[in-house]
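Participant: To start, I am sharing the structure in question, which I have written as structure tokens.
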Amino acid sequence: MSQAIVTETPWYRSLNRAQWNTLLASNLGWLFDGYETYALIISVGVALRQLLDPSQYGQIPAYAGTVIAVTLLGWGIGGLIGGVVADYIGRKRTMMLAILAYSIMTGLSAFAWDWTSFAVLRFLVGVAIGSEWVTGASIMSEMWPDRARGRGVGLMQCGLGIGFFLASFVWLFINPLGPGAWRYMFLLGILPALLTLWVRRAIPESEPWQRVDAQRRAALERKRSGAALGAQDRALARFTVADLFADPEIRRRTILAFLMSLATTFAFWGISTWIPPYVASVATAAGLPGQQWASYAGMAYNGASIIGYAGFGFLADAYGRKPVTLFYVAMAFIMVPISFLWAHDLGILLVCAGLLGVFVSGQYTWMSAWLPELFPTRVRATGAGFVFNMPRLIAWIGPLIAGTLIANFGSFGRAAMAISLIYILSLVCAPFLPETKGKPLPA
């Protein structure tokens, strides 16, 4: 009877204040990550025109690809570290440290004096923001009910798209301020530090993590005392990264999910990075203001990606993680040639940018919805962080390759098409992961 009542109650009425606050905190943290990341994408060309010698302007796409790539590399390294830290010191504390660190490093990026210092500072920003996603996804999954978990993480993931959209909107007003306008974009990135004051008061620590943390401490104490350890205690006493590969089933899930994450991440950074400059180039060729149309394209892409993020979560709770993931990946694969090879009218290009936002960017929600449900609590953040961030140590070359191709061959379309072929990897691997819709998290 009680189960029937729970089922009939609308999902949003079954949530308490702490659960809503956790969603808000996770969403805002991801929003500010999105803002500062897209602030780089949309302003990097302007920044490099101030930081490079005029004789190097012809290679700006290659330099831009390098700066974006090293940011992604730092993100991957920071995310791997952050996942481990969140499993040992807690989700809430790690989230606060991540927000504070990337706020400071983003502000410092505004004071770069040449392209090398800019690249180094962006790498440090990447390291700082890397752990934000994994802490948010882990605490959301552990605090929200099973039947609404997909919706919750989908709404959390919206923060990235909102941040991207916000950066595009702010750039419309800051761009006219002159050659140093990009510096103002990054100075605004200091503001998220204030969020840590609210997070400290408003959200609790995850109860599943607290329970496993107590068990881990007890297991480590027994190990130090020389007592015989059972299988569960041995798992708790292992370093979390080693534990991912000690159990055959966890190892299998880690490898399959890693390959899918690599496809999503490599394609996203190798395709979406070049949507604004591609639309700008088409607009310039038509005698229209390129930077203005780049902003329009960015807003279309990122506004639609918000729908893609949230829509994925709701669809995943209705139809399952696996079929919705396959649908999003297939649609992204189809939209790349339509957008970069066959669409030439600016109005149609803006529609294509929106559809790319829904499927290229929106498919990231598969990791928020599915990954935490694949790993037990003792390694949940480590596993999700490894799968989400390890591909960045490979995918960071996506913008570098695309930038080099564009600089040398002048072809956005061919670069995007070549990079999109990696989606085949996701289509092959996804069927071999278990469906987890509506199931309790692994203990």
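The values are calculated or read from the model by the stated rules, or taken from the named source; none is laboratory data. For clarity, every value in this text was computed on a predicted model and none was experimentally measured. Counting neighbours? That spans all protein chains shown, and the Cβs are built from the backbone with ideal geometry, glycine included.
Participant: For the range 109-143, enumerate the residues that are surrounded by fewer than 24 Cβ atoms within 10 Å (Cβ to Cβ) and under 17 Å from LEU155 (Cβ atoms).
Facilitator: Answer for the range 109-143, where residues must be surrounded by fewer than 24 Cβ atoms within 10 Å (Cβ to Cβ) and under 17 Å from LEU155 (Cβ atoms): just GLU142.
Participant: So for the range 160-167 (the condition being more than 30 Å from ASN16 (Cα to Cα) and surrounded by fewer than 21 Cβ atoms within 10 Å (Cβ to Cβ)), does at least one residue qualify?
Facilitator: No: zero hits.
Participant: I would also like to ask the following. Within the range 2-25, does at least one residue satisfy the condition of being on the phi < 0 side of the Ramachandran plot, touching a Gly at 6+ places or on another chain (Cβ under 7 Å) and either assigned to a loop (DSSP other than H, G, I, E, B) or not hydrophobic (A, V, I, L, M, F, W, C) (or both)?
Facilitator: Within the range 2-25, the first condition is being on the phi < 0 side of the Ramachandran plot, and the residues that meet it are 2-25.
Narrowing the set further to residues that are touching a Gly at 6+ places or on another chain (Cβ under 7 Å) leaves 23.
With the extra rule that they be either assigned to a loop (DSSP other than H, G, I, E, B) or not hydrophobic (A, V, I, L, M, F, W, C) (or both), the set shrinks to none.
So far as the range 2-25 goes, no, none of its residues is on the phi < 0 side of the Ramachandran plot, touching a Gly at 6+ places or on another chain (Cβ under 7 Å) and either assigned to a loop (DSSP other than H, G, I, E, B) or not hydrophobic (A, V, I, L, M, F, W, C) (or both).
Participant: If you take the residues of the range 309-335 that are among the aliphatic types (A, V, I, L, M) and surrounded by fewer than 23 Cβ atoms within 10 Å (Cβ to Cβ), which of them is nearest to GLN157 (Cα to Cα)?
Facilitator: Filtering the range 309-335 down to residues among the aliphatic types (A, V, I, L, M) leaves 310, 315-316, 318, 324, 326, 329-332, 334-335.
Cutting the leftovers down to surrounded by fewer than 23 Cβ atoms within 10 Å (Cβ to Cβ) gives us 310, 315, 318, 326, 330-331, 334-335.
Working: ALA310: 7, LEU315: 14, ALA318: 18, LEU326: 18, ALA330: 20, MET331: 19, ILE334: 23, MET335: 22 Å.
Result: ALA310.
Participant: Have a look at ALA316, ALA294, ALA310 and point out the one that is of a type outside the set (Asp, Glu), in contact with a Cys (Cβ under 7 Å, 6 or more places away or on another chain), assigned to a helix (DSSP H, G or I) and over 20 Å from SER420 (Cα atoms). Give the steps one after another, and end with the answer.
Facilitator: On the way: ALA316 fails: in contact with a Cys (Cβ under 7 Å, 6 or more places away or on another chain); ALA294 fails: in contact with a Cys (Cβ under 7 Å, 6 or more places away or on another chain).
Selected residue: ALA310, the only one of ALA316, ALA294, ALA310 that is of a type outside the set (Asp, Glu), in contact with a Cys (Cβ under 7 Å, 6 or more places away or on another chain), assigned to a helix (DSSP H, G or I) and over 20 Å from SER420 (Cα atoms).
Participant: Here's something else I'd like to know. Within the range 192-231, count every residue that is out of contact with any helix residue (DSSP H, G or I) (no Cβ under 7 Å at 6 or more places or on another chain) and more than 20 Å from ARG17 (Cβ to Cβ).
Facilitator: 14
Participant: Related question: Please verify whether the range 229-243 includes one or more residues that are part of a helix (DSSP H, G or I) and within 22 Å of LEU72 (Cβ to Cβ). Outline the logic, then answer.
Facilitator: Filtering the range 229-243 for residues part of a helix (DSSP H, G or I) gives 231-237, 240-243.
Going one step further and asking which of them are within 22 Å of LEU72 (Cβ to Cβ), we end up with 241.
Yes - at least one qualifying residue is present in the range 229-243.
Participant: Can I ask one more? Could you identify the single residue in SER361, SER368 that is farther than 30 Å from TYR88 by Cα, surrounded by 24 or more Cβ atoms within 10 Å (Cβ to Cβ) and in contact with a helix residue (DSSP H, G or I) (Cβ under 6 Å, 6 or more places away or on another chain)?
Facilitator: None of the other options fit; the residue is SER361.
Participant: Between residues in the range 78-92 that are over 17 Å from MET143 (Cα atoms) and small (Gly, Ala, Ser) and residues that are modelled with pLDDT of 90 or more and surrounded by fewer than 21 Cβ atoms within 10 Å (Cβ to Cβ), which pairs lie under 9 Å by C-beta distance while being six or more apart or on different chains?
Facilitator: Close Cβ pairs (under 9 Å, with a partner that is modelled with pLDDT of 90 or more and surrounded by fewer than 21 Cβ atoms within 10 Å (Cβ to Cβ)) amount to GLY83/VAL241.
Participant: Moving on to the next point. May I ask you to list the residues in the range 175-209 that are farther than 18 Å from LEU28 by Cβ and without any contact (Cβ under 8 Å) to a residue 60 or more places away in the chain?
Facilitator: Result: PRO176, LEU177, GLY178.
Participant: Please find, among THR264, THR284, the residue that is in a helix (DSSP H, G or I), polar (S, T, N, Q), out of contact with any strand residue (DSSP E or B) (no Cβ under 7 Å at 6 or more places or on another chain) and free of Cβ contacts under 8 Å to residues at least 40 places away in the same chain. Before you say what the answer is, go through the steps one by one.
Facilitator: Working: THR264 fails: free of Cβ contacts under 8 Å to residues at least 40 places away in the same chain.
After applying the criteria, what remains is THR284.
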